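Input: a single structure, listed below in C-alpha cells.
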Amino acid sequence: MNREKLLNGSITKSLLMVAVPIIFANILHTVYQLIDTFWVGRLGVEAVAAVSLSFPILFFLMSLAMGLLTASSILVAQYNGKGDHDKVSSTVGQSLSLIIILAIILSVIGYFSSHYLLSLLTKDITVLQQATSYLQISFLAIIAIFVYILFQSSLRGVGEVKVPLIIISITVVLNFFLDPVLMFGWRFIPAMGVSGVALATLITEYLSAIIGIIILIRGTYGIKLGWSDLKMKFSWVKRIFRLGLPSSLEMGSRSFGMILMTFVASLFGTLTIASFGIGMRIFMFVIIPGVGFSIATSVIVGNNLGARQHERAERIVKTGMKIAFLTLTGLGVLLFIFAKPISAFFVPNEIELVLEAAFFIRIMALTFGFIGMQMVIFGTLKAAGKTTTAMFLALFNTIMVFVISYVLSSIVGMQQLGIWVAYPISNVISAGIAYYFYWRKDWLKKELV
C-alpha cells in the first residue's frame, strides 16, 4: 500500500488491507509451530517434552525483540507519513545494527547456558539431552529471527504487508518438507531427531532473513539501506530503546501473566489446569485478529500523525475500534455456540474436561469484542510514541486478572468459577480504562519526528 492511500484513501479499506495480511501471517506462524509439533510427535513423548521445554524460553526472547522493534515501526511510519525517506532508511539501518549486536550476545549466552537453564525444568536425562540440542541450535537461529522481525515491522511501517506474508508462506511449506528429511534422514542426510527440527527452522529462518535484507538493500518498497545507515549513532540507539523498551516489557508481562494464572489454576487440581489450558489456546487464537487490527491501526495512525493529519488519525482510531469490536464479538458468539465441539476436538474422550473447558470458553467469549477495542487503542498509543502508557495498561490488566481470579477463587470460595469469571470482568474494565486514555486525546499532540 503506497503512502497516498495511507494518508488519503478509504479508512476502512486501508485498515482491512493492512490488517488481513498480518492476521494471515500470524496464523501461518501458528501453523509453523503446529507443523513442528506434528512431526516431533512421531518421535515420542520425550521429543515432544524436549521441544515444549524450549518453547517458553524462545518465545520470551522473541517477545522482547518484537517489543524493542516496535520503536522502529513507529518511527518508520511517522517518517513515511512526513515523506522523509532518508530518515526512514536511517531508522531501519540503526535498528538492524542494534538488533544484530543484541542477537549475537543472546545467541552466545544462550548457547552455552542452554543445558543449565533446561536442567532447572527437568531431571529426565533423555529429555534434557534432546532439549539442550534443540535449544542450542535454536539459539544459533536467533540472529535470523530478529533480523526478519525487523524486516517485517519496517515494511509494515510503510504499509507493505503482503511481501512478509508471501515469505512466511514459502518458508512454512519448506519447513513442512525439511522437518521429516532432517529428523528421519534421507539418502546421505543422517537422521538427527529433534535436532533436525531445530535445524530445519534455522535454515528457513536464515532464508527469510536473507531475502529480507536483499529487499531492504534494493529499496523496492521505500526503504533503501546503505552503509551509512548501518553506522550506529548513540542518539538513534537511545531513541529506539526509549520507545521500544516499554513495549518489550509489555509483551514480557503478558507471558508472565500466563505463568501467574497457571499457578492460580493449579490450586484447584488437574481438571481445572487442563480446562484453563484449552481455554487459553482458544484465547490465543482470538488474539490473532486483535493483534492484526492493533498493528494496522498503529501503522496508519503513525503515518497520519507524521503528516500532521490529526483529524483523520482520530477517525482511523474510531473506525478501527468499531471493526475490531464487531469482528471479535462475532468470533465470540461463534465460540459461545460451538464451545463444546471445539473443546472436544482437543480432548475427545474426556467428557468432564470437555464440559468444564466449554463452560470457561462461554464465560469469556461474549466479551472478546472489548479485547479488540483495547488492542486498537494500544496500537494508537504506540503509533504516537506513548509506549510507556501502553506498557502500564498491559501491566495493570495482568495484575488485575490475577488479583480478581485469586480473590474470587480462593478467598470468596468460588473455586475455578472465580478464575473463569475474572476474564470477562478484566476485559470490560481494561477496555474502559484504555478508552479513557484514547478519549483524553493527548496522543494526538505527541511529536516524534
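The values are calculated or read from the model by the stated rules, or taken from the named source; none is laboratory data. Nothing here was measured: the structure is a model prediction, and the numbers come from that model. Cβ sites come from the backbone with ideal geometry, for glycine too, and all protein chains shown count toward neighbours. Side chains are part of the model used for accessible areas, which takes the heavy atoms of the whole protein and leaves out ligands, DNA and RNA. Shrake-Rupley method; radii C 1.70, N 1.55, O 1.52, S 1.80 Å.
Key figures
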item: Nonlocal amide H pairs with residue 122, under 5 Å, H built at 1.01 Å; result: none
item: Accessible surface, per residue, of the range 126-206 when the full set of protein chains is kept, probe 1.4 Å, Å²; result: 36 Å²
item: The chain: DSSP helices with Cα axial extent of at least 27 Å and average Kyte-Doolittle hydropathy no lower than 0.0; result: 11-40, 45-68, 85-119, 162-184, 194-218, 234-266, 270-306, 310-337, 387-406, 416-440
item: Pair residue 345, residue 84: separation of 7 Å Cα→Cβ label points (nm); result: 4.7 nm
item: Difference of contour (0.36 nm per residue) and Cα-Cα distance, residue 318 to residue 255; result: 19.8 nm
item: Theoretical gain in end-to-end length, residue 234 to residue 311 [0.36 nm per residue, Cα-Cα removed]; result: 24.3 nm
item: Residue 100 versus residue 62: modelled label distance in nm, points set 7 Å from Cα along the beta carbon direction; result: 2.3 nm
item: Mean Cα-pair separation over length for the range 273-381, i.e. relative contact order, pairs under 8 Å, 6 or more apart, %; result: 44 percent
item: Taking N as its residue count, the alpha carbon Rg of the chain over 2.2 N^0.38 Å; result: 0.98
item: Helix-only CD estimate at 222 nm, as mean residue ellipticity for the chain, using -39500 (n - 2.57) per DSSP H run (n ≥ 4); result: -29000 deg cm²/dmol
item: Summed residue charge, Cβ within 11 Å of residue 98's Cβ, Lys/Arg positive, Asp/Glu negative; result: +3
item: Calculated FRET efficiency for the pair residue 411/residue 124, C-beta based, R₀ 41 Å, to 0.05; result: 0.65
item: Cα→Cβ-extended label distance, 7 Å offset, between residue 352 and residue 227, nm; result: 7.0 nm
item: Modelled FRET efficiency - R0 22 Å, residue 429 with residue 337, Cβ distances, 0.05 increments; result: 0.30
item: Percent accessible area from carbon and sulfur atoms, the range 202-242, protein chains only, probe 1.4 Å; result: 70 percent
item: Extreme residue, positive dipole direction of the chain, given options 146, 217, 80 (C-beta unit charges); result: 80
item: Cut-off 19 Å (backbone N to label point 7 Å along Cα→Cβ of residue 108), residues of the range 128-152; result: 136-147
item: Accessible area per residue in Å² at 1.4 Å probe, computed on the range 386-435; result: 41 Å²
item: Where only C-alpha atoms are counted, convex hull volume of the range 309-449 per residue in Å³; result: 109 Å³
item: Residues residue 55 and residue 399, FRET efficiency given R0 of 35 Å [Cβ-Cβ distance, rounded to 0.05]; result: 0.90
item: Accessible surface ranking that places the most exposed of 228, 114 first, with a 1.4 angstrom probe; result: 228, 114
